[in-house]
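*Asks:* Take this structure first; my questions come after.
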Amino acid sequence: MASRSTPAKNTAAKDTAAKKEAEAPKQEQLPQSILAHRTDLLDISAQFEGKLENAEGSIDSKVAEALQIRTGLHPQDVTFTKTTYAVTLRALRDGKPSDETYTGSSTTTVANAIENALGGKVLDYDREKVFVAADRKVEVPYFLVRLVQRSTEKKGRLARYRSDAISELRHAYGDRLKKEPDSIQYDVFRLRTEYQSDGALPKGRFENKVVAAHGRSDVSLEDAAAKANEGLGNRKVRCTVYQETAFMLVYGHAEQALRLKGGISLPVVTTTDNGATIVTNQKSGAGVKYEKRNEEQQRIPPQQSPSPASQSSRHYGRSGSPAARDMPQMPTMSGMM
């Protein structure tokens, strides 16, 4: 009897354990926009010179301004990890400013930095003109968007295509988008299929059967071409396609529609002479084309109120919207939702 009851007890124990495991919170159940981003540690500096009563608030405002100029984000969207306030006070002699100064610093407040400068003494100094410098280390979230440019021409077009795509991204993210690519990857494809124009090139991956040889480099197109030639052998080639993949850095959290993997957007922005397209399926090349935002706005009559969607998108723009709470004005993104 005992031998029969043991398996039943084991089964019951396993069921209980499985139930507890199922009920336990799992990290992967959290929104991907929270999980799938990277962080960068930046140094933000600011200076203030003026009345003592304005020093604390003014220096914090200047730090916030410097942060927004650099990242497009606000203080509530980042994490400050270290702060140093340094002050310089001009001593008064007979009520007049002298050449003597008192200096001090603090990792907490401007007021504490002033106390440090005075060294616990009651000293007379010019309260109408104090100098404060703030150095703050800040941890900033970011993600990468891949811009893929393809052309049958080696020079000229790729740079123009990339410029067009970056311009569209800047409409969406404003100052959150870094001006220059974080990195660039180069590919050269020797193809068995002939393409008469860049617009006819596939948006997604090239099928293996049409690729005679492929070379990839982090250095240059020339290096990628040399690697492609090494693997070509005697295979016949009817077309060569040159490709640049620029990884563009955007500060803040990404929209869930971007489906980040390792902090990089899975949808790819592919650009040719037909314009930029968000490719949501790299195998099939399925995607949606960009629409020029400025052209859309020109079509809105002056007396007509903008739609809620366009209102939220304008909150992005150059205003430095913090953490991608709404979809930017990119019809391609809306189609991915």
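The values are calculated or read from the model by the stated rules, or taken from the named source; none is laboratory data. Bear in mind that the values here come from a model prediction, so they are computed numbers and not experimental data. Because the Cβ atoms are built from the backbone with ideal geometry, glycine has one as well, and the counts that use them run over all protein chains shown. Only protein heavy atoms, including side chains, enter the accessible area calculation; ligands, DNA and RNA are left aside. Shrake-Rupley method; radii C 1.70, N 1.55, O 1.52, S 1.80 Å.
*Asks:* Subtract the Cα-Cα distance of Ile69 and Lys261 from 0.36 nm times their separation in residues, and report this length gain in nm to one decimal.
*Replies:* Values: separation 192, 0.36 × 192 = 69.12 nm, distance 2.76 nm.
Full extension of this stretch gives 66.4 nm more.
*Asks:* Heads up, I need the accessible area for Ile264: 1.4 angstrom probe, whole protein in place, Å², nearest 10.
*Replies:* So the heavy atoms of Ile264 present about 40 Å² to solvent.
*Asks:* Continuing with this model, one more query. Suppose every Lys and Arg Cβ carries +1 and every Asp and Glu Cβ carries -1, with no other charges. What dipole size does the stretch 164-249 come out with about its Cα centre, to the nearest 20 debye?
*Replies:* Details: 14 positive and 14 negative charges, 92 e Å.
My answer is approximately 440 debye.
*Asks:* Solvent-accessible area per residue for the stretch 154-296 at a 1.4 Å probe radius, Å²?
*Replies:* Values: 6860 Å² over 143 residues.
In whole numbers, the stretch 154-296 has 48 Å² accessible per residue.
*Asks:* Could you pull the Rg and Dmax for the stretch 130-207, using just the Cα atoms, both in Å?
*Replies:* For the stretch 130-207, the Cα-based Rg and Dmax read 18.7, 72 Å.
*Asks:* Quick check: pseudo-label points 7 Å beyond the Cα along Cα→Cβ at Arg216 and Leu42, how many nm apart are they?
*Replies:* Each label point is offset 7 Å from its Cα along the Cβ direction, giving 3.0 nm.
*Asks:* Could you derive backbone 3J(HN,Hα) for the stretch 52-67 from the dihedral phi with the Karplus parameters 6.51, -1.76 and 1.60 (θ = phi - 60°), listing whole Hz in sequence and x where the residue is Gly or Pro?
*Replies:* 4, 5, 9, 4, 4, x, 5, 5, 5, 5, 5, 5, 4, 5, 5, 5
*Asks:* So what does Lys62 come to for accessible area, using a 1.4 Å probe and Å² rounded to 10?
*Replies:* Result for Lys62: roughly 80 Å² accessible.
*Asks:* If you don't mind, another one. Determine ³J(HN,Hα), in whole Hz, for all residues of the stretch 196-201 in sequence, where each value follows from phi through the Karplus function 6.51 cos²θ - 1.76 cosθ + 1.60 and θ = phi - 60°; x replaces Gly and Pro.
*Replies:* Once rounded to whole Hz, the list reads 7, 8, 5, x, 8, 5.
*Asks:* Which GluC sites (Glu not before Pro) in the stretch 113-182 sit in a loop by DSSP (not H, G, I, E or B) and have at most 11 other Cβ atoms within 10 Å of their own Cβ? Could the numbers behind the result be given before it?
*Replies:* Working: sites: Glu115, Glu128, Glu139, Glu153, Glu168; in loops: Glu128, Glu153.
Here the sparse-neighbourhood loop sites are Glu128.
*Asks:* If you don't mind, there's one more thing I want to ask. For the charge dipole of the stretch 110-234, defined by +1 on Lys and Arg C-beta atoms and -1 on Asp and Glu C-beta atoms about the Cα centroid, which residue among His171, Phe131, Gly156 has the Cα displaced farthest towards the positive pole?
*Replies:* Final value for the positive-end residue is Gly156.
*Asks:* Please report how far the C-alpha centroid of the stretch 156-183 lies from that of the stretch 58-89, rounded to the nearest whole angstrom.
*Replies:* 27 Å
*Asks:* Would you mind checking the pairs Lys209/Lys261; Lys62/Lys137; Lys51/Lys96; Lys179/Lys203; Lys209/Lys236 and listing those with alpha carbons more than 22 angstrom apart? Don't skip to the answer; put the middle values down first.
*Replies:* Values: Lys209/Lys261 28 Å; Lys62/Lys137 14 Å; Lys51/Lys96 16 Å; Lys179/Lys203 25 Å; Lys209/Lys236 12 Å.
In this structure, Lys209/Lys261; Lys179/Lys203 exceed 22 Å between Cα atoms.
*Asks:* Which ³J(HN,Hα) values in Hz, rounded to whole numbers, follow from the phi angles of the stretch 143-153 under the Karplus curve 6.51 cos²θ - 1.76 cosθ + 1.60, where θ = phi - 60° and Gly and Pro get x?
*Replies:* Once rounded to whole Hz, the list reads 9, 10, 10, 8, 9, 10, 10, 10, 7, 7, 9.
*Asks:* Going by amide H atoms built from the backbone, whose H comes under 5 Å of the H on Asn274, apart from near neighbours?
*Replies:* Placed amide hydrogens put Gly199 under 5 Å from Asn274.
*Asks:* Using the Cα atoms as the points, what is the convex hull volume per residue of the stretch 153-247 in Å³?
*Replies:* Values: hull volume 9.6 nm³, N = 95.
Looking at the stretch 153-247, the number lands at 101 Å³ per residue.
*Asks:* Near the amide H of Arg192, under 5 Å away, which other amide H atoms are found, from residues 5 or more places off or on another chain, if H is placed in the peptide plane?
*Replies:* Val211, Ala212, Arg238
*Asks:* By how many nm would the segment from Glu180 to Lys96 lengthen if fully extended, with 0.36 nm per residue of separation less the alpha-carbon distance?
*Replies:* Working: separation 84, 0.36 × 84 = 30.24 nm, distance 5.06 nm.
Here the segment from Glu180 to Lys96 would lengthen by 25.2 nm.
*Asks:* Rank Asp223, Asp126 by accessible area, highest first, at a 1.4 Å probe radius?
*Replies:* Values: Asp223 50, Asp126 30 Å².
The ordering from most to least exposed comes out as Asp223, Asp126.
*Asks:* If you roll a 1.4 angstrom probe over the protein chains with everything in place, what fraction of the accessible area of the stretch 120-222 belongs to carbon and sulfur, to the nearest %?
*Replies:* On the stretch 120-222, the fraction of accessible area on carbon and sulfur atoms equals 44 percent.
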